[in-house]
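Let me begin by presenting the structure, written as structure tokens, before commenting on it.
Please treat every number below as a calculation from the coordinates, not as lab data. Everything numeric in this text was worked out from a predicted model, so none of it was measured. Positions of Cβ are backbone-derived with ideal geometry, glycine not excepted, and every protein chain shown enters the neighbour counts.
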Amino acid sequence: MEVLIVSDPAAVAKRCADIVEAQIATMPDSVLGLATGSSPIGLYEELILRYRDHGLSFADVTTFNLDEYIGIPADHSQSYRTFMNETFFQRIDIDLSRTHVPDGMAENPLQVGPAYEKAITQAGGVDLQILGIGSDGHIGFNEPTSSLRSRTRVKTLTRQTLKDNSRFFGPDEFQPKLAVTMGIATILEARRILLIATGEGKAEAVRNTVEGPLSAFVPASALQLHERATVVVDAAAASKLQLREYYQFVSELQDDLVKKHRPSDWISR
Ligand code: F6R
């Protein structure tokens, strides 16, 4: 796994935007896997700026979001479809019909997963998957003990996740306890993965992901099985990493190479 440690959330956003921009420059019709939550907001803001000011185009990009709540309609203020439209899609030149979010209102939620998997396969698979991480180590809504072979399906959220996300819901507002989420095996099929974590609240989850044992108890640790997984963290989220200095050393070497306009991808992770 590659760990890039940068100073603060703004630097995380820029670093991740560089990776997304390079992906689109190389392959304008890339398939991006996207996340909601606070972690990728800075990245989306940075990509919007590059679209507005530097001609970065999403016109041929296809997207698949990781997850959606079950039981609130797509146009609900707290649905992940609304989040994506407002935070990102409506502010760039993407064709909305190429953006996919699991259907949280399907008559039979059990059928949503297989249909979503089929759509991903038909689009050619995900080229670059963006991930956040829960304080309990979840990715997507794959809560601790999710099968490492899981596919897109219905999951029940943990009390911790419900508590973490309650800030988005009013005191008397219905907060869904179920979600449809891409599975861990689905996520691992992406050709490249970028996990974003900022703030001290994520430090333990980051340490367990990068340096802990591979375990379904920390779903993000499954990224250890991926050939091209990059974890981009700020200093606070990196604070509990045992080999922090080594990752920093690699990051500095990479920075140096990027500055010299040389490809840095060969540096071993
Ligand atoms: C969101 C998602 C979740 C979040 C995670 C972190 O689509 O899949 O796994 O990435 O809960 O959330 P934030 O970024 O709000 O801390």
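Each Lys or Arg adds one and each Asp or Glu takes one away; over the other residues whose Cβ falls under 11 Å from the Cβ of Asp234, this sums to 0. For the pair Thr26 and Gln254, label points projected 7 Å from Cα toward Cβ lie 1.3 nm apart.
A cut-off under 13 angstrom between Cβ atoms defines the neighbours of Thr87, and their net charge, with Lys, Arg +1 and Asp, Glu -1, is -1.
So which of Lys202/Lys259; Lys163/Lys202; Lys14/Lys259; Lys163/Lys240 end up more than 20 Å apart, counting from Cα to Cα? Over 20 Å apart, Cα to Cα: Lys202/Lys259; Lys163/Lys240.
Under a 5 Å amide H cut-off, with hydrogens placed 1.01 Å from N, Leu34 pairs with Phe64, Asn65, Leu66, Ile130 among residues at least 5 apart or on other chains.
Less than 5 angstrom separates the built amide H of Leu195 from those of Leu131, Thr230, Val231, Val232, all sequence-distant by 5 or more or on a different chain. At an R0 of 30 angstrom, the distance between the Cβ atoms of Ser135 and Glu227 translates into a FRET efficiency of 0.65. Taking Cβ atoms as reference points and 11 Å as the exclusive limit, the residues near Ala59 contribute a net charge of -3, counting Lys and Arg as +1 and Asp and Glu as -1.
Legend: calculated FRET efficiency, Lys118 to Gln175, from the Cβ-Cβ distance at R0 = 35 Å, rounded to 0.05, equals 0.70. Inter-label distance, Ser7 to Ser215: 3.6 nm, where each label sits 7 Å from its Cα along the C-beta direction. With the largest listed first and rounded to whole Å, the semi-axes of the equivalent ellipsoid of the chain from the Cα gyration tensor are 27, 22, 18. Apply 1/(1 + (r/R0)^6) to the Cβ-Cβ distance of Gln90 and Arg159, taking R0 = 25 Å, and write down the FRET efficiency to the nearest 0.05. Efficiency for this residue pair is about 0.15.
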